[in-house]
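Colleague: This is the structure, below, for whatever I ask next.
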Amino acid sequence: ADGPTKAKVPVMTFHETEHDFGTIIDGEQVSYAFRFENTGDGDLLIRSASGSCGCTVPEWPKDPIAPGKSGVINVTFNSEGRSGTQNKTVTLVANTLPNTTTISIKAEVEKAK
């Protein structure tokens with residue numbers, strides 16, 4: 001007989017985990033779509049995604065993502081009232097091992113001339 005069946009575990013594989021918006025003007029809102037694929041063999045379910053501050057808002061798929069399928073985490077950064085180098089993270093909680101994955105954005109915010 002075969003050994004114990006291993007639980008089917010989803011694996012969240014990002015094409016990239018960091019995006020640099022470059023230089024933006026104070027007040028600009030910029031968005032970036034982080035694409036990922038479920039490279040595991042169980043359905044991937046993202047339970048939550050939270051930005052490191054209120055200026056960074058993630059949107060994520062609420063439905064399970066089957067093995068081999070891909071999805072997008074859309075991260076919007078609002079630069080209003082910020083200046084200089086901004087490094088923000090989004091922490092994703094999913095049914096993966098480990099259960100948290102972090103993606104990040106950065107931008108250089110300049111005051112409008």
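Colleague: Tell me, which longest segment in the chain has none of the GluC sites (Glu not before Pro) that fall in DSSP loops with at most 13 further Cβ atoms within 10 Å?
Modeller: Values: sites that count: Glu16, Glu80.
Here the longest segment lacking exposed loop sites spans 17-79.
Colleague: Next question. Within the stretch 48-92, whose backbone N sits under 17 Å from a point 7 Å along Cα→Cβ of Thr100?
Modeller: Correct set: 48-54, 58, 88-92.
Colleague: Once you list every other residue whose beta carbon is under 14 Å from the beta carbon of Val93, what net charge do they have if Lys and Arg are +1 and Asp and Glu are -1?
Modeller: On the way: positive: Arg47, Lys62; negative: none.
Here the count lands on +2.
Colleague: Where nothing but the Cβ of Lys and Arg (+1) and of Asp and Glu (-1) is charged, how large is the charge dipole of the chain around its Cα centre, in debye to the nearest 20?
Modeller: Working: 11 positive and 14 negative charges, 38 e Å.
Here the chain has a charge dipole of around 180 debye.
Colleague: Something else: What percent do you get for the relative contact order of the chain when only Cα pairs under 8 Å and 6+ apart count? Can you show the working numbers first?
Modeller: Working: 281 pairs, mean separation 37.7, N = 113.
With pairs under 8 Å counted, the relative contact order is 33 percent.
Colleague: Considering the values (i) 14.1; (ii) 15.6; (iii) 15.1, which represents Kirkwood radius over Cα pairs in Å as calculated for the structure under consideration?
Modeller: The listed entry that was calculated here is (iii).
Colleague: Further question: Are any of the pairs Lys88/Lys111; Lys6/Lys62; Lys8/Lys69 more than 22 Å apart by Cα-Cα distance, and if so, which? Intermediate results must be reported in sequence, preceding the final value.
Modeller: On the way: Lys88/Lys111 19 Å; Lys6/Lys62 25 Å; Lys8/Lys69 15 Å.
The answer is Lys6/Lys62.
Computed from the coordinates by the stated procedures, all read-outs in this text should not be read as laboratory data. The model shown is predicted, which means the values in this text are computed figures rather than measured ones. Here the Cβ is made from the backbone with ideal geometry for all residues, glycine too, and neighbour counts use every protein chain on show.
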